[in-house]
Every structure is written in structure tokens, then in C-alpha cells.
Amino acid sequence: LAQVRGCWAPPARRFGRCPLRTHAAEEAMGKKAAAPPPEEPPEEPPAEVEPPTEYLEGDFVFPDGSDYSGEYMKKGDKVTIHGKGRLKTGPEIFQGTFDHGLYTEGTFTGADGSVYTGSFHNNLFHGPGEYAWPDGRVYRGMWQEGLMHGRGEFENFSFGVDRLFRGFCARGNFASSLQGQENARRDFVAEYSTAYSNSALAALEDIAARAAAAAEPADPKAKKAPEEGPAEIPQEYLVVATPGGDNEQGGGSNGGGASDGEALDVVSGPFPDGTMLRPTTLAAFAGRFAAGAENPGTITVFDENAAAATPSATAAAAATSGGAGDSGGQAEGEDADGGGAGGAMGFDPSRLRRDQLAHRGQGVAFAAPDAEPGTPSLLVFVNVSKDYDAAKASWKLVHCEDAPQQAA
């Protein structure tokens, strides 16, 4: 029978398990094939080693014919003028200090024989400097972006007369007449005071905001709020003291220590440590100088003689400059009894060791003469930055004063 049907096989083989069919069934049931060998990860290229910076000294002649002699730095194949040196480009010569290829301080001699000695920014006369013309005229004073701008001395500006004149320039314009000087001083002071009052206000607002954040309770759902402690003033705004100094003062100061040199170079102690301030009253005080404040405080930018004060801006100046008026603080001089150093109340302006209206050492006072007893009535900040730019000011809190408690 098996032979007739054409599929003869021994009975055991015919009805037994077919090896081929068994293998296919096992595959259908999900038996995994052998995993391929893992691929080896590609080799990562070796990390590039940054070449060290070398500080060297030598002489160079550039493709344009300029020659340099002095200090420079080298990093790999890149060479940059950096440090003290002398650069001669045609008839022009600069001798002084370079910072990554730019003039920072030194003497520049122009093609016409004029000579400038002082500070630079972006290769422009900027900061204090003296410029001597070939005809004998000399200007000594402040510069901004290549122009005479600020207070200075003018020598021999009247031909044939040996005369020294002290006054103001505004954006390179000088006039010795009374009206010309009034205009120059007004224009310079309005711009300068607006920039520095706004910069100091930003520091005050930063201190108040950070002190309030630090004082937030750990458990905001607690039924009874903890008693408010002293405000935590960020250290960068304080004049830090170390043991062994001579800045003595009573409570609420960090006196009795030698303060950091940058601050002591521009202002004398004693200096507060901020413990007399409280977060809530400090925030309320700062709010009086915000835009649209209902009862604005007074912002005072100290004047050049450090014994009087200059308004941060008059109402008219604030309206045109968008400066102190935008900050919300009332400009000193708008009050009936404003002007002078009245906005600084108990602060002694003789503590300021630098001429005012000259960037470094600039003092700014925030006052609330009608403050509630025991709350801040006066804070004074001083800029310790060596940059001649309000945008780069570095402020230190140098004076705190509370409104006196009323007698029982």
C-alpha cells in the first residue's frame, strides 16, 4: 500500500518526527538565532591638546611696516601684543601698556606732534589724560570715547595769554564764557549723574531682592512666621574687614578690621555690615526709588568737591534723558530745601577720597527723609571699579542710617 501511493517509507520514519519540520516550527515559536558578534566602537580621535600661553619679549616688523618692541604673548602660532612695549606705525608712536593688542595706558604721539598721556579704551582716549597740542595748548582732564568730556584744566587756550582755566567740556566742545561753561557743565552732569544714579539703583534693588529671597521661610505653610532677622547683604556689596585693622565703629559695622584695598583707596571707614537692615523694610526703602513710586525718595550724586552734592537730574533733564526720572527717585534739588549735601543727611562727604564726577570713587546717596522711625532713611554707595564706565561700576555699601526712634 505504501508503494502504491508513491510515498513509501519505513513506518517508523513515515509517521515519526520530521527533523526539517521540527526546526521550522521552533523558529515559528520564536527561538532566537545566534547573536552576531558585537561591533567594535570606532576609535575616537585623540583630544587636541591646547597649546600653553607663553609670555615673551621681542621685536617685530609687521607687513604694513609697523615695528614693535616689547612684551607679547604667544599661543601656538598666534602672537598678540600684550604687556609693556613700543609700537611705531608711520609717524605715530605709542609707548605704554597693551591688553590683547589694544592700548590701555601710556603715551601716544600723533603725526602732527601732538602728545596724549593717559588712559585708553578700544584705542581711544578714555578716562583721565593730558593732551598737548603743538601750538602749546594743553588739556588735562576726563575723556570719553576720544573726546574731551567732563571736568578738566585748559592751559593757553587764549593765544598770546599764559592762562590756566578750570571748567567742563561736553562731547569735545569747550567754551570759556560763563554761559558756555554753564551749558557744558549742565550737559555733562545730566548725562553722568543719570548713568551713575541708575547704576547704583540697580545695585540697591539687587541687594533688596536677594535679601528678601534669603529671608523666605523654609515652610511657607507654617501658621506662625518666624521672627524676621537681619538682612543678608551679598558680600560683593560690603567692604570686607579682617582682624587687626583700624576702621573702628560701634555696632552695626564691620569696623575693627583692615578693609579691602580697593574700597579704602576711594573711601574711608567706618563701614556697615548690614545687620541693622531688615528684609521687609529694605525692600520698602528700595521701592521708593522705583518708577511710579507713590512717595519717591531722593537720589544724590556727589559733586566734584566732595562737600556738596549734585542732583541726579532735574525734572526737565530727567524728562529729556530718560534717566533718573525713569528710576522713580526724586532728584535732589526738587525739594523746597533741596540742594547741597542735604540729601546725604548724616553721611560725611569728606570720607570720599577721590574727586567726584570722575567715575572711580563716585558716591551716590539714597535718602528717605520722612522714613518711619527705625526704618532705613539713608544708604550711601561708592563705586570702586577702575573702569571709567557706569555700566561697569562695582558698588560698595559704605553708610547705613535708620530714622531715629521717637522719644518716649
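The values are calculated or read from the model by the stated rules, or taken from the named source; none is laboratory data. This is a predicted model, so every value here is computed, not measured. Cβ coordinates were reconstructed from backbone atoms using ideal geometry, including for glycine residues, and neighbour counts include every protein chain displayed. Accessible surface areas use protein heavy atoms only, side chains included; no ligands, DNA or RNA. Shrake-Rupley method; radii C 1.70, N 1.55, O 1.52, S 1.80 Å.
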Restricting attention to region 288-304, the residues that are open to solvent by 10 Å² or more (accessible area, probe 1.4 Å) and in contact (Cβ under 8 Å) with a residue 40 or more places away in the chain number exactly 5
Scanning region 147-157 for residues that are open to solvent by 30 Å² or more (accessible area, probe 1.4 Å) and under 21 Å from residue 112 (Cβ atoms), the one modelled with the lowest pLDDT turns out to be 157
Would it be correct to say that residue 68 is among the hydroxyl-bearing types (Ser, Thr, Tyr), within 20 Å of residue 388 (Cα to Cα) and surrounded by 14 or more Cβ atoms within 10 Å (Cβ to Cβ)? no
Listed by first then second residue, the pairs whose first member lies in region 33-59 and is without any contact (Cβ under 8 Å) to a residue 24 or more places away in the chain, whose partner is outside any loop (DSSP other than H, G, I, E, B) and among the aliphatic types (A, V, I, L, M), with beta carbons under 6 Å and at least 6 positions apart or on separate chains, are 53/73
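Listed here are the residues, each with its yes/no results for (1) surrounded by 18 or more Cβ atoms within 10 Å (Cβ to Cβ); (2) among the polar types (S, T, N, Q); (3) under 25 Å from residue 288 (Cα atoms); (4) at pLDDT 95 or above.
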{"position": "348", "(1), (2), (3), (4)": "no, no, yes, no"}
{"position": "363", "(1), (2), (3), (4)": "yes, no, yes, yes"}
{"position": "366", "(1), (2), (3), (4)": "yes, no, yes, yes"}
{"position": "370", "(1), (2), (3), (4)": "no, no, yes, no"}
{"position": "382", "(1), (2), (3), (4)": "yes, no, yes, yes"}
{"position": "387", "(1), (2), (3), (4)": "no, no, no, no"}
{"position": "397", "(1), (2), (3), (4)": "yes, no, yes, yes"}
| query | residue 125: at pLDDT 90 or above and within 15 Å of residue 357 (Cα to Cα), yes or no? | reply | no
Of the listed residues (161, 138), the one being among the β-branched types (Val, Ile, Thr), more than 22 Å from residue 354 (Cβ to Cβ) and either modelled with pLDDT of 95 or more or touching an Asp or Glu at 6+ places or on another chain (Cβ under 7 Å) (or both) is 138
The residue that is farthest from residue 377 (Cα to Cα), considering only those in region 261-280 that are in contact with a strand residue (DSSP E or B) (Cβ under 6 Å, 6 or more places away or on another chain) and outside any loop (DSSP other than H, G, I, E, B), is 263
In the set 125, 108, 120, the lone residue that is touching a strand residue (DSSP E or B) at 6+ places or on another chain (Cβ under 7 Å) and either farther than 15 Å from residue 93 by Cβ or of a type in the set (Val, Ile, Thr) (or both) is 125
Flagged pairs (Cβ under 6 angstrom, 6 or more apart or on separate chains; first in region 171-197, open to solvent by 60 Å² or more (accessible area, probe 1.4 Å); second aliphatic (A, V, I, L, M)) are 171/147; 187/170
